[in-house]
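A quick write-up on the structure given underneath.
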Amino acid sequence: MILNERDCRHDEVLEIARQMMIAARTAPKGKGIDVVEVAMVTESNIRILSDTMKQMYEENGFKFFLRDADNILQAECIVLIGTRQQAQGLDCGHCGFARCADREEGVPCALNTVDVGIAIGSACSVAADHRVDTRVMFSAGLAAQQLDWLDGCTHVFAIPVSASSKNPFFDRKPKTE
C-alpha cells in the first residue's frame with residue numbers, strides 16, 4: 001500500500017488539534033481552579049467565524065480583522081481557548097485592586113488571564129512538536145467570543161491550524177477593501 005501524505009493530512013491535523021485541546025486542558029491553573037474552556041472549529045463554522053470578523057471590521061475599522069478573516073479560511077481547523085471570569089479570592093492586587101471584592105465590573109481577575117495564556121502556550125507547544133502551522137489570533141478569538149462559542153467565556157483566543165508547504169498565517173499583507 002502507498003499512502004500519500006495529501007490523503008491523510010486533514011485527519012492528522014484534526015488529531016493534532018485534539019491533542020492541542022488536551023494540552024490546554026491539562027495546563028497548570030491558578031489555585032488549581034479550572035476556568036478554561038477549549039473547543040475546535042471546523043468546516044462551515046470557519047466560514048461563519050470569518051464572516052463575523054468581516055462584520056466586526058465594518059464596526060471597528062481595524063484592517064487586521066479583514067486580513068485575518070481571509071487568512072483563517074486557509075486553516076483546516078481552529079482551536080479556541082478562553083476563560084470564564086472568576087475571582088480567585090487571593091486579594092493579590094494583580095488586577096489593580098487591593099482586594100477581589102473591590103474589583104470593578106469588567107476588570108478581569110489576573111489569574112484567569114494568566115491561566116488562558118498558559119493554556120495557549122501549552123497548546124502551541126503541541127503544535128510545534130508536530131510541526132503544524134499556527135498563529136494565535138486575538139481577532140478570531142474576539143469573533144468567537146461575540147458568537148459565544150465558548151459559553152460565557154471572556155478573553156477568547158483562536159489558533160488556526162494548517163499543514164501546508166508554507167505557514168499561511170505569517171508574512172501576511174495588510175488587507176484593503
Asp133 passes all but one of the listed conditions (1) free of Cβ contacts under 8 Å to residues at least 60 places away in the same chain; (2) farther than 24 Å from Gln19 by Cβ; (3) of a type outside the set (S, T, N, Q); the exception is number (2)
message: One residue is enough: does segment 53-66 have a residue meeting the conditions modelled with pLDDT of 95 or more, open to solvent by 30 Å² or more (accessible area, probe 1.4 Å), more than 16 Å from Asp148 (Cβ to Cβ) and not in a helix (DSSP H, G or I)?
response: no
Do we find a residue being within 10 Å of the chain's Cα centre (by Cα), more than 19 Å from Asp34 (Cβ to Cβ) and at pLDDT 95 or above anywhere in segment 144-155?
yes
Being open to solvent by 30 Å² or more (accessible area, probe 1.4 Å), farther than 22 Å from Val41 by Cα and among the aromatic types (Phe, Trp, Tyr) narrows Phe97, Phe138, Phe170, Phe157 down to just Phe97
Residues of segment 31-52 being part of a loop (DSSP other than H, G, I, E, B) and not β-branched (Val, Ile, Thr), in sequence order, are Asp34, Glu43
All-but-one check, Ile46 against (1) β-branched (Val, Ile, Thr); (2) within 22 Å of Gln146 (Cβ to Cβ); (3) open to solvent by 70 Å² or more (accessible area, probe 1.4 Å), failing number (3)
Given the conditions (1) farther than 13 Å from Val36 by Cβ; (2) in a strand (DSSP E or B); (3) of a type in the set (Val, Ile, Thr), every one holds for Val107 apart from (2)
I'd like to know if segment 118-126 contains one or more residues that are of a type in the set (Val, Ile, Thr) and either outside any helix (DSSP H, G or I) or at pLDDT below 95 (or both). no
Within segment 67-85, of all residues that are open to solvent by 70 Å² or more (accessible area, probe 1.4 Å) and not in a helix (DSSP H, G or I), the one farthest from Thr26 (Cα to Cα) is Gln85
The residue that is farthest from Arg67 (Cα to Cα), considering only those in segment 1-20 that are buried (at least 19 other Cβ atoms within 10 Å of the Cβ) and of a type outside the set (Val, Ile, Thr), is Met20
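The values are calculated or read from the model by the stated rules, or taken from the named source; none is laboratory data. These numbers come from a predicted model, not from an experiment. As a convention, Cβ positions derive from the backbone with ideal geometry for all residues, glycine included, and neighbour counts pool all protein chains shown. Accessible surface areas use protein heavy atoms only, side chains included; no ligands, DNA or RNA. Shrake-Rupley method; radii C 1.70, N 1.55, O 1.52, S 1.80 Å.
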